[in-house]
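Peer 1: Let me begin by handing over the structure; questions about it come next.
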Amino acid sequence: MLNATELVKELQEMRDSGYLSDGLLRKAVKSIAESDLRFDWVGAYLLRENGEELWLHNYVGTPTEHSTIPVGTGVCGMAVQEKRNVNVPDVSKEENYLACDPDVQSELVVLIRAGDEIFGQIDIDSEEEAAFTDEDEAALQAVSDKLAEQMMAERR
Ligand code: SME
C-alpha cells in the first residue's frame, strides 16, 4: 500500500532542495511502482502540443508503444478530455481502451492538475481485476497534487 503522506513529504523535501518537476516525476513514479505488488506498470504522462496530446515522461514496467496518446483516445486521453480520474475495473469491458500488455486487467488514471488546469496524469496498470480502490485514488491524488504544485511554480 502506498504511503502517500510519506511520499508527499519526500517530494516537498526535494522541492525545498531545488529539484524541478522532472526529478519529482521520476521519484513519484518509482516510489509508487515499488509500493504495491498490484501496481504492475506505472507511468507519468504530460500534456503537450497545445494540450492535444499526452507524452510519456517516465515509467516503470514493460515498454509501451503508447509513448504519445491524443486527448480523447484511450483511457488516458479520456481522463483529460473529461477532466476526471478514471478507474477501469475490467479493461476488456472498456471500449475506449488502448492495450499495452495483454496481462493487464485493470487501470487507474489520476490527473495531475491545479484546479481546471491539467498538467498530465499518473497512469497505473494492474494484472489483477478491479485492483484499484477509492483509497488508492485518494493516495495518488495527494501525490499528483504535490507534483502539480511544482509544475505550477515552474511556470513563473
Ligand atoms: N491503457 C492506456 C494506454 C497507456 S498504457 O496503459 C501504458 C489507455 O487506454 O489510454
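Peer 1: I need a count of the residues in segment 19-75 that are of a type in the set (A, V, I, L, M, F, W, C) and under 21 Å from Glu149 (Cα atoms).
Peer 2: Counting residues in segment 19-75 that are of a type in the set (A, V, I, L, M, F, W, C) and under 21 Å from Glu149 (Cα atoms) gives 13.
Peer 1: Same structure, new question: Every residue in segment 22-54 that is touching an Asp or Glu at 6+ places or on another chain (Cβ under 8 Å) and closer than 12 Å to Gly120 by Cα, please.
Peer 2: Of everything in segment 22-54, those that are touching an Asp or Glu at 6+ places or on another chain (Cβ under 8 Å) and closer than 12 Å to Gly120 by Cα turn out to be Gly43, Ala44, Tyr45, Leu47.
Peer 1: Which of (1) among the hydroxyl-bearing types (Ser, Thr, Tyr); (2) more than 19 Å from Thr133 (Cα to Cα); (3) under 13 Å from the mean Cα position of the chain (by Cα) is the odd one out, the single condition Thr64 does not satisfy?
Peer 2: (3)
Peer 1: Here's another thing I want to ask about it. Of all residues in segment 118-135, which are away from the ligand (no atom under 16 Å from the Cβ) and either of a type in the set (Phe, Trp, Tyr) or surrounded by 14 or more Cβ atoms within 10 Å (Cβ to Cβ) (or both)?
Peer 2: Phe119, the sole residue that qualifies.
Peer 1: Quick one: count up the residues across segment 113-144 that are over 14 Å from Met78 (Cα atoms), under 9 Å from the mean Cα position of the chain (by Cα) and hydrophobic (A, V, I, L, M, F, W, C).
Peer 2: 2
Peer 1: Looking at the structure I just gave you, is Ala28 within 24 Å of Gly115 (Cα to Cα), within 13 Å of the ligand (Cβ to nearest atom) and in contact (Cβ under 8 Å) with a residue 24 or more places away in the chain?
Peer 2: In short, no.
Peer 1: Let me ask you something else. Within segment 61-101, can you find the residues that are crowded, with 17+ Cβ neighbours inside 10 Å, touching a residue at least 40 places away in the same chain (Cβ under 8 Å) and more than 7 Å from the ligand (Cβ to nearest atom)?
Peer 2: Gly61, Ala79, Val80, Asn85, Asn87
Peer 1: Would you mind telling me which numbered condition in (1) within 15 Å of the ligand (Cβ to nearest atom); (2) out of contact with any strand residue (DSSP E or B) (no Cβ under 8 Å at 6 or more places or on another chain) Gln150 fails?
Peer 2: Condition (1) is where Gln150 drops out.
Peer 1: Something else about it: Based on this model, can you work out whether Val110 counts as β-branched (Val, Ile, Thr), within 16 Å of the ligand (Cβ to nearest atom), in contact (Cβ under 8 Å) with a residue 24 or more places away in the chain and out of contact with any Gly (no Cβ under 8 Å at 6 or more places or on another chain)?
Peer 2: The answer is yes for Val110.
Peer 1: Please work out which residue is nearest to Arg15 (Cα to Cα), limiting yourself to segment 113-137 and to residues that are of a type in the set (Gly, Ala, Ser) and touching a residue at least 12 places away in the same chain (Cβ under 8 Å). Spell out how you get there, then give the answer.
Peer 2: Keep residues of segment 113-137 that are of a type in the set (Gly, Ala, Ser), which gives 114-115, 120, 126, 130-131.
From what is left, the residues that are touching a residue at least 12 places away in the same chain (Cβ under 8 Å) are 114, 120, 126, 130-131.
Working: Ala114: 17, Gly120: 19, Ser126: 30, Ala130: 34, Ala131: 31 Å.
Filtering segment 113-137 for residues that are of a type in the set (Gly, Ala, Ser) and touching a residue at least 12 places away in the same chain (Cβ under 8 Å), the one nearest to Arg15 (Cα to Cα) comes out as Ala114.
Read-outs: derived from the displayed coordinates by stated rules, not from any lab. Just so you know, these numbers come straight off a predicted model, no measurement behind them. Note: ideal-geometry Cβ built from the backbone for every residue, glycine included; neighbour counts use all protein chains shown.
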